[in-house]
Amino acid sequence: MKIWLSLLEGFEFNLMLFGGTIVCAIPLGLLITFCSMSKFKPLSVLSRIFVWIIRGTPLMLQLFVVLYVPGIVFGVPMKSRLLAAFIAFIINYAAYFSEIYRGGIESIPRGQYEAGQVLGLTKGQIFRKIVLFQVIKRIVPPMGNEIITLVKDTSLARTIAVSEIMMSAENFSKQGIIWPLFSTGLFFLAMCGILTLLFNKLEKKLDYYKA
Amino acid sequence: MSILEVKDLYKSFGSTEVLKGINFSMQKGEIIAILGSSGSGKTTLLRCINFLERATGGQIFVDGECIFNADEKKKISAAEQRKRQLNFGLVFQSFNLFPQYSVLDNVTMPPKLLAKERSDYKTNKKQIFADIEENAKMLLERVGLSEKLSNYPCELSGGQQQRVSIARALALDPKILFFDEPTSALDPELTNEILKVIKDLALKNTTMVIVTHEIEFARNVADRIIFMNEGVVLEDGTPEQVIDNPRNERTRSFLAKML
Ligand SMILES: Nc1ncnc2c1ncn2[C@@H]1O[C@H](COP(=O)(O)OP(=O)(O)OP(=O)(O)O)[C@@H](O)[C@H]1O
Ligand SMILES: [Mg+2]
């Protein structure tokens, strides 16, 4: 029972990291998308390089960079490991999300914008009334995949000694108790299962028309 | 006065000149069919008139008022630009319906958004929307789709989709309705239902410019035929003049291929 509680406590952190990343990375990703699609070249080049770096390096490395670089290079040590984990996850996932958004936006045929224009809609109306919904429909499946990956990625926070569930489980294995490792798996399975169901439901809901 | 006058319109994409000085004008109620071989610039001309491309030279007038002047560098306000846009309606080759909206919503959405700019919008919204919906239903009935109001575009045949897009364009009551090969994405059996709708519009004196490859249809429905070749107007006259007695060798060889 004590072990379960300790695992649960660990998983609570995973859930927090998951929730925080979702809440912050979804809008931040949109911001990055707008930057990378901006007509102002330096801005779009810069944000594409940024996305390339984030997607091209391991999240684990990014965790270490966020944890140590502020202290070593700028002399302002990271206040807490927890904060470092949040920052690294949010930046990492915002970059991935931004690419999904960009793919979604770019997949909308030009004819949709042109039809909107000749029908007298403003640029804002074209985006809100025509494009946005179609983009959402297209990005729900890849977002679902990415978000399920995020659930499992939260266990990476242990590499910077944030006490998340895997760490708790590992501690027990060191004491010779092996089953917490498997129960930990159950936590992740349950979480991913729930998310899969939710996303399937959402996809079904958006499936009332074929594009 | 002409309802539309196109003066010396030029359009280049990079170094390729596609329109090389197009001139024509039309009267209210007139129906013009534009013929011409592939690549002659018909689509580009329609897109320039409808502000989907910016012409590199020339002017466009509606009812004598200049709505486009390539030499004028002054930025036009978005609101003014939209007002000019709404002189015209455009029916695309590929329909471009909005897939997430029902047939009825496709037709009512643009006028409802436009109504927001009316001064009595706030006080009279219910009535305005009711009128818009009634008008949309009337138009959809006219194109034979009153049974399909709540269907989505993906549930319709190509011909039905194109008829929705015609109703959608009509709902904004444009002064001139342009068609860019409205039937070329359709099976031959579906072509006729579109041509019938256009003929019906012709009977109601709708001012139209129709780019088409259907020579017989053009002869039947158009008051005037413009034949374009390599970015210029080669012939401009009645169907008898252009189709039966073309002055130009190019026109003759084009017609020979088509008929
Ligand atoms: N956006 C563009 N960029 C570069 N070239 C273009 C562009 N749009 C059209 N063109 C060129 O302009 C020429 C005329 O094209 P346009 O589509 O106006 O012809 P069209 O008369 O409509 O032909 P079709 O009967 O095949 O529809 C073509 O050579 C085409 O390659
Ligand atoms: Mg064309």
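Miscellaneous remarks
- Test: residue in segment A:200-210 that is in contact with a helix residue (DSSP H, G or I) (Cβ under 6 Å, 6 or more places away or on another chain), away from chain B (no Cβ under 14 Å) and under 30 Å from residue A:84 (Cβ atoms): no
- Residue match in segment A:63-81 (condition: of a type in the set (Lys, Arg) and under 16 Å from the mean Cα position of the chain (by Cα)): no
- Within the set A:6, A:80, the sole residue that is surrounded by 12 or more Cβ atoms within 10 Å (Cβ to Cβ) and among the polar types (S, T, N, Q) turns out to be A:6.
- Boolean, residue B:69 is under 17 Å from residue B:46 (Cα atoms) and more than 9 Å from every other protein chain (Cβ to nearest Cβ): yes
- Which listed residue, of A:176, A:144, A:193, is more than 30 Å from residue B:99 (Cα to Cα) and at pLDDT 95 or above: A:193
- Residue A:123 being within 13 Å of chain B (Cβ to nearest Cβ), farther than 19 Å from residue B:107 by Cβ and of a type outside the set (Val, Ile, Thr): yes
- Residue, surrounded by the fewest Cβ atoms within 10 Å (Cβ to Cβ), within segment B:149-166, restricted to residues that are aliphatic (A, V, I, L, M) and within 12 Å of chain A (Cβ to nearest Cβ): B:156
- Extreme residue, farthest from the other protein chains (Cβ to nearest Cβ), among residues of segment B:32-57 that are away from ligand 2 (no atom under 12 Å from the Cβ) and within 24 Å of residue B:253 (Cα to Cα): B:33
- When residue B:246 is tested against (1) more than 16 Å from ligand 1 (Cβ to nearest atom); (2) buried (at least 18 other Cβ atoms within 10 Å of the Cβ); (3) not in a loop (DSSP other than H, G, I, E, B), only condition (3) is not met.
- Where a residue in segment B:112-126 is free of Cβ contacts under 8 Å to residues at least 24 places away in the same chain and its partner, wherever it lies, is in a loop (DSSP other than H, G, I, E, B) and among the aliphatic types (A, V, I, L, M), with Cβ under 9 Å and at least six apart: B:113/A:119; B:113/A:121
- Criterion: outside any loop (DSSP other than H, G, I, E, B) and either more than 16 Å from ligand 2 (Cβ to nearest atom) or in contact (Cβ under 8 Å) with a residue 12 or more places away in the chain (or both) - qualifying residue of B:220, B:205: B:220
- Residue check for residue A:116: at the interface with another protein chain (Cβ under 10 Å from one of its Cβ atoms), in a helix (DSSP H, G or I) and buried (at least 21 other Cβ atoms within 10 Å of the Cβ): yes
- Of the strands (runs of 3 or more DSSP E) that lie entirely inside segment B:1-95, those containing 2 or more residues that are within 16 Å of ligand 1 (Cβ to nearest atom) span B:4-13, B:16-26, B:31-36, B:57-62, B:88-91.
- The single condition among (1) in a helix (DSSP H, G or I); (2) away from chain B (no Cβ under 14 Å); (3) touching a residue at least 60 places away in the same chain (Cβ under 8 Å) that residue A:134 does not satisfy is (2).
- Taken over segment A:99-113, residues that are of a type in the set (D, E, K, R) and either closer than 22 Å to residue A:204 by Cα or facing chain B (nearest Cβ under 8 Å) (or both) amount to 0.
- Restricting segment B:1-27 to residues that are loosely packed, with under 14 Cβ neighbours inside 10 Å and not aromatic (Phe, Trp, Tyr), the residue that is farthest from ligand 2 (Cβ to nearest atom): B:1
The values are calculated or read from the model by the stated rules, or taken from the named source; none is laboratory data. As the structure is a prediction and not an experimental result, all values here were calculated from the model. Using ideal geometry, Cβ is built from the backbone for each residue, glycine included, and neighbour counts are taken over all protein chains shown.
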